[in-house]
Amino acid sequence: MKVSTKVERRIRNYSPQGGLDQTSLIFLKLSAVNHPHVKAHLERVALLADESAKVLKKDNKAAFFGGLLHDVGKIILPYQLFDGHDIDTKEYVEVKTHALAGFEILRDLHLFSACCAGIHHALYKKGYGLMVKDFPQDWSVDTIRKVLDISAIISICDFVDAFTHRKTKIKDQSDSKSPNLRGMLKDKYSNDQGTIDVVLRINKELNM
Ligand SMILES: [Fe+2]
Ligand SMILES: [Fe+2]
């Protein structure tokens, strides 16, 4: 079965509350117009995050929708930024705005997924985007912990998928000390070794 068909079925089967299924389907349709690479990436990250969260005994439905929506901020950026060419430092500054843009787009639609989108690049060394201090002030510690747990899974799935599929290289961002995926993950997510192991294994099994 095609990845996009699998994702669409899963969206409907999960039948989430608050119209999140319709929101997700609309964003996928919109991203298909100018951002087919982003759409394919969102779909793979959603499935990878879902299956990884199941193994890690976390809320896999939250991981699925968080993964599916984590890069919606990209669809308001020029598609040329994601066409596979090597982007320069100036373009990278523009690309980095997608995290906070995603948070803004989603915050009134689904706050949990909005926070996952905002923070997914802030969970590793030298990251960017939303900070924990920007989370709603009335959230309990348990809710904050859950967003961080799910976002860490999404962030690692995101990195693995980008490494595996994306052709774009960012100039001046190459890291010669960490030439392989596991090494780069270990360096970036030093506190998440267990999650890294699971995501790498599931990524291999799903073979998308
Ligand atoms: Fe991203
Ligand atoms: Fe991403």
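The values are calculated or read from the model by the stated rules, or taken from the named source; none is laboratory data. Fair warning: this is a prediction, and the values are worked out from it, not measured in the lab. Neighbour counts are summed over all protein chains in view; Cβ atoms, including those assigned to glycine, are modelled from backbone coordinates with ideal geometry.
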Cβ-Cβ below 7 Å, separation at least six or inter-chain, first residue in the range 138-167 and among the basic types (K, R), second at pLDDT below 95: which pairs? K167/G84
Answer from D88, D71 - the residue that is of a type in the set (D, E), in contact with a Leu (Cβ under 9 Å, 6 or more places away or on another chain) and touching a residue at least 12 places away in the same chain (Cβ under 8 Å): D71
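Results for (1) within 14 Å of ligand 1 (Cβ to nearest atom); (2) surrounded by 24 or more Cβ atoms within 10 Å (Cβ to Cβ); (3) within 26 Å of G84 (Cα to Cα); (4) within 11 Å of the chain's Cα centre (by Cα), shown as yes or no for each residue.
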site	(1), (2), (3), (4)
L100	yes, no, yes, no
R107	no, no, no, no
L111	no, no, no, no
G118	yes, yes, yes, yes
Q137	no, no, no, no
S140	no, no, no, no
D149	no, no, no, no
I154	yes, yes, yes, yes
F163	yes, no, yes, no
Inspect all residues belonging to the range 67-84 and state whether any of them is among the acidic types (D, E) and at pLDDT below 95. yes
Residues to consider are K54, K74; find the one that is more than 13 Å from ligand 1 (Cβ to nearest atom), in a helix (DSSP H, G or I) and of a type in the set (K, R). K54
Residues that are crowded, with 24+ Cβ neighbours inside 10 Å and acidic (D, E), drawn from the range 38-61: E43, D50
Do we have any residue at all in the range 75-87 that's among the hydrophobic types (A, V, I, L, M, F, W, C) and away from ligand 2 (no atom under 16 Å from the Cβ)? no
Turns out the helices (runs of 4 or more DSSP H) fully within the range 107-208 with at least 3 residues that are at pLDDT 95 or above and of a type outside the set (A, V, I, L, M) are 111-119, 141-165, 193-206
Have a look at V38, V93, V45 and point out the one that is within 15 Å of ligand 2 (Cβ to nearest atom), out of contact with any Lys or Arg (no Cβ under 8 Å at 6 or more places or on another chain) and among the hydrophobic types (A, V, I, L, M, F, W, C). V45
Just to be sure before I move on: is L48 at pLDDT below 95 and either within 20 Å of Y128 (Cα to Cα) or of a type outside the set (F, W, Y) (or both) in the structure I sent? no
Within the range 73-88, can you find the residues that are among the charged types (D, E, K, R) and over 22 Å from G118 (Cβ atoms)? D83, D86, D88
